[in-house]
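> Sharing a structure with you now.
The values are calculated or read from the model by the stated rules, or taken from the named source; none is laboratory data. Keep in mind that what you see is a predicted model, and the values were worked out from it rather than measured. Here the Cβ positions follow ideal geometry from the backbone for every residue, glycine too, while neighbour counts run over all protein chains shown. Surface areas here come from the heavy atoms of the whole protein model, side chains and all, with no ligands, DNA or RNA. Shrake-Rupley method; radii C 1.70, N 1.55, O 1.52, S 1.80 Å.
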Amino acid sequence: MKRLLYLLSTTIGRKLIVALTGIVLILFVVGHISGNLTIYIGQSALNNYAHFLQTSPMLWVMRLSMLAIVMLHVALGVAVTQENSLARPESCHAGQSWYLHVYQRRMIISGLVLLAFIAVHVAHLTLGAGIGEVFRLKDASGHVDVYSRVVTTFQNAWIAWAYIAAMMFLAIHLKHTVRAVFQTLGFSRESYFEFLEFLSWMVTLAVVGGFISIPLSVQLGWLALL
Amino acid sequence: MNLVLRIWRQASAEVEGRFEDYPVSGISTDYSFLEVLDRINEDLVSQNQEPVAYEMDCREGICGSCSLMINGTPHGPRPATTTCQLYMRHFHDGQTITVEPWLSRATPVIKDLVVDRSALDRIMQSAGYISVHTGEAPDANTIPVSKSRADKAFVAASCIGCGACIAACPNASAMLFVAAKVTHLSLLPQGEPERSHRVRAMVVAMDREGFGNCSNHYECAKACPKSIPVSLIARLNREFQHAGLLGHEYGGPIHHAAHEE
Ligand code: HEM
Ligand code: SF4
Ligand code: FES
């Protein structure tokens, strides 16, 4: 406890916790897209996968821990960002362009957009806000019909493109952080840099590409109601 | 060369500053950047005006005094170069060059281009040393140090404490500087006994001064005149996590009953 409090009292310790919770979030999005891709196998594959998650005895443990982790990540991410901007009050000096200024703040910008996205996304596809009847559909084997839920939703072009836009901010966040966590956790050497750069591009393209592909496929008519 | 230097003038910390343009002509491409400032100051003095205050000492890239933000980059556009070793051949005739002080909350302006970098000294005073009795220098090579360690420690030890890393960082973080100092001593046997205490004390001192934290933008290493590698920040994180979680300072003294008659 004393050690934890000590860590939290230093800037490096607070950032360490942002990075540790961030790793869980990275693993979460990797797992999330792996599961979602079952939509390409077919309706029953996705619904079975969803059924497996929803009936897991760990469901609420997982949901509540994810909530706690997101809250910790956001609270400390915001705190660290505030401390950092306090340390540099005259943020824009003569040689610096405004877009560099925005670029250097891309973590908090993409983070806050993601926070809004997570809230909307959970309310929308998990809790069924604004979905109506489709939310209660069951498929042939009596499982909740997540497939129809997703496809119906993304047939609305506004929603599809809003999801795709939100994923651009996930891309910004991931591209920076997949590489950065290695440095923050102290696991980095000069000779790893190229590999870590490559890894962060690969993870970002795979995760974000996967997420975007679903609304896009619905819009292009490749995924349709059966 | 004919140039215009757009220089930040601020009479003291209490008053507002502003840019002023100073045209200079007949500059040789072999002038160093500081020599151009000297020319401007000679002109100003001859006209009975206040010369531009700026810091310098060695003029050979080893003391870390010179500290100018040149066109938005600490120490100017050349990699691995201090301001005093930046030559005018790297600029072109007719150029307007902006010169600013290195500002951050922890390094406030004193006058014109001079900022107060004593925060860095206080970080060093907190634990950037080894505790040994001074006296006669010990014989060389009595403490074995492997070549590869010595080389790595030397890279870190080449930090001249100029503060360019802080000026370059969007968070005004001093972590590259602290990383260099912590690495240099923690890699050597002489630094080993105080290793855990050192990193903790220096990080606490760095926070106390109001420097920011690393967000992994890596601007620091690009600006560093001594090319301190940014991977040393990973090493600082590692040292700190190790000391913070496993350091022997926790738990107080072991209970140790004394002999009684
Ligand atoms: C799926 C979602 C998310 C993932 C995978 C993720 C991942 C990460 C990781 C791994 C880091 C550490 C980077 C480092 O070590 O430098 C990080 C930093 C950060 N995250 Fe997130 N994050 C997510 C959501 C959020 C949200 C919702 C916010 C809301 C504010 C946020 C704000 C931040 C900020 C501000 C930082 C940077 C802190 C700094 O300046 O160093 N993140 N994120
Ligand atoms: S790390 Fe480089 S830029 Fe920072 S103080 Fe040392 S020499 Fe200067
Ligand atoms: S004056 Fe000493 S390093 Fe430039």
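> Evaluate segment A:131-151: report whether one residue or more is within 14 Å of another protein chain (Cβ to nearest Cβ) and either at negative phi or open to solvent by less than 50 Å² (accessible area, probe 1.4 Å) (or both).
no
> Shifting gears a bit: Going residue by residue through segment B:135-150, is there one that turns out to be under 20 Å from residue A:188 (Cβ atoms), open to solvent by 30 Å² or more (accessible area, probe 1.4 Å) and either in contact (Cβ under 8 Å) with a residue 60 or more places away in the chain or more than 16 Å from ligand 3 (Cβ to nearest atom) (or both)?
Checking segment B:135-150: at least one residue is under 20 Å from residue A:188 (Cβ atoms), open to solvent by 30 Å² or more (accessible area, probe 1.4 Å) and either in contact (Cβ under 8 Å) with a residue 60 or more places away in the chain or more than 16 Å from ligand 3 (Cβ to nearest atom) (or both).
> Which one of these does residue A:21 not meet: (1) over 30 Å from residue B:71 (Cβ atoms); (2) out of contact with any His (no Cβ under 9 Å at 6 or more places or on another chain); (3) surrounded by 15 or more Cβ atoms within 10 Å (Cβ to Cβ)?
Of (1) over 30 Å from residue B:71 (Cβ atoms); (2) out of contact with any His (no Cβ under 9 Å at 6 or more places or on another chain); (3) surrounded by 15 or more Cβ atoms within 10 Å (Cβ to Cβ), only one is false for residue A:21: (2).
> Restricted to segment B:4-50, and to residues that are open to solvent by less than 60 Å² (accessible area, probe 1.4 Å) and among the polar types (S, T, N, Q), which residue is nearest to the chain's Cα centre (by Cα)?
Filtering first and then ranking leaves B:32.
> Has segment A:93-105 got at least one residue that is in contact (Cβ under 8 Å) with a residue 60 or more places away in the chain and either under 21 Å from the mean Cα position of the chain (by Cα) or away from chain B (no Cβ under 13 Å) (or both)?
no
> Report whether or not residue A:63 is basic (Lys, Arg), more than 16 Å from ligand 1 (Cβ to nearest atom) and more than 14 Å from every other protein chain (Cβ to nearest Cβ).
Answer is no for this residue.
> Answer with yes or no whether residue B:63 is assigned to a helix (DSSP H, G or I), under 24 Å from residue B:39 (Cβ atoms) and modelled with pLDDT of 95 or more.
The answer is no for residue B:63.
> Filter segment A:211-223 for residues that are more than 12 Å from the chain's Cα centre (by Cα) and surrounded by 13 or more Cβ atoms within 10 Å (Cβ to Cβ) and give the result. Let's see the steps before the verdict.
Going through segment A:211-223, the residues more than 12 Å from the chain's Cα centre (by Cα) turn out to be A:212-223.
Passing the criteria: A:212, A:213, A:214, A:215, A:216, A:217, A:218, A:219, A:223.
> Tell me which of these residue B:202 doesn't satisfy, since it passes every other one: (1) over 12 Å from the mean Cα position of the chain (by Cα); (2) away from ligand 1 (no atom under 16 Å from the Cβ); (3) open to solvent by 10 Å² or more (accessible area, probe 1.4 Å).
It fails just one condition, (3).
> Something else: For residue B:204, state whether it is away from ligand 3 (no atom under 16 Å from the Cβ), over 24 Å from residue B:81 (Cβ atoms) and within 13 Å of chain A (Cβ to nearest Cβ).
yes
> Look through A:192, A:163 and report the one residue that is of a type outside the set (A, V, I, L, M, F, W, C), closer than 22 Å to residue A:20 by Cα and assigned to a helix (DSSP H, G or I).
A:192 is the lone residue from the list that is of a type outside the set (A, V, I, L, M, F, W, C), closer than 22 Å to residue A:20 by Cα and assigned to a helix (DSSP H, G or I).
> If you check every pair at least six apart or on different chains, which have Cβ atoms under 8 Å apart with a residue in segment B:48-59 that is within 16 Å of ligand 1 (Cβ to nearest atom) first and a residue that is not small (Gly, Ala, Ser) second?
Correct list of pairs: empty, since none qualify.
> Do we have any residue at all in segment B:97-117 that's away from every other protein chain (no Cβ under 14 Å), open to solvent by less than 50 Å² (accessible area, probe 1.4 Å) and in a helix (DSSP H, G or I)? Talk me through it step by step, then tell me what you get.
As a first pass, look at segment B:97-117 and keep what is away from every other protein chain (no Cβ under 14 Å): B:110-112, B:114, B:116-117.
Within this subset, residues satisfying the condition of being open to solvent by less than 50 Å² (accessible area, probe 1.4 Å) are B:112, B:114, B:117.
The next check asks that each one be in a helix (DSSP H, G or I); those that pass are none.
No, segment B:97-117 has no match at all.
> Then there's this: Give me a count of the residues in segment B:154-191 that are within 12 Å of ligand 2 (Cβ to nearest atom) and assigned to a helix (DSSP H, G or I).
Count: 18.
> Tell me which residues, restricted to segment A:176-188, are in contact with a Lys or Arg (Cβ under 9 Å, 6 or more places away or on another chain) and open to solvent by 40 Å² or more (accessible area, probe 1.4 Å).
A:185, A:187
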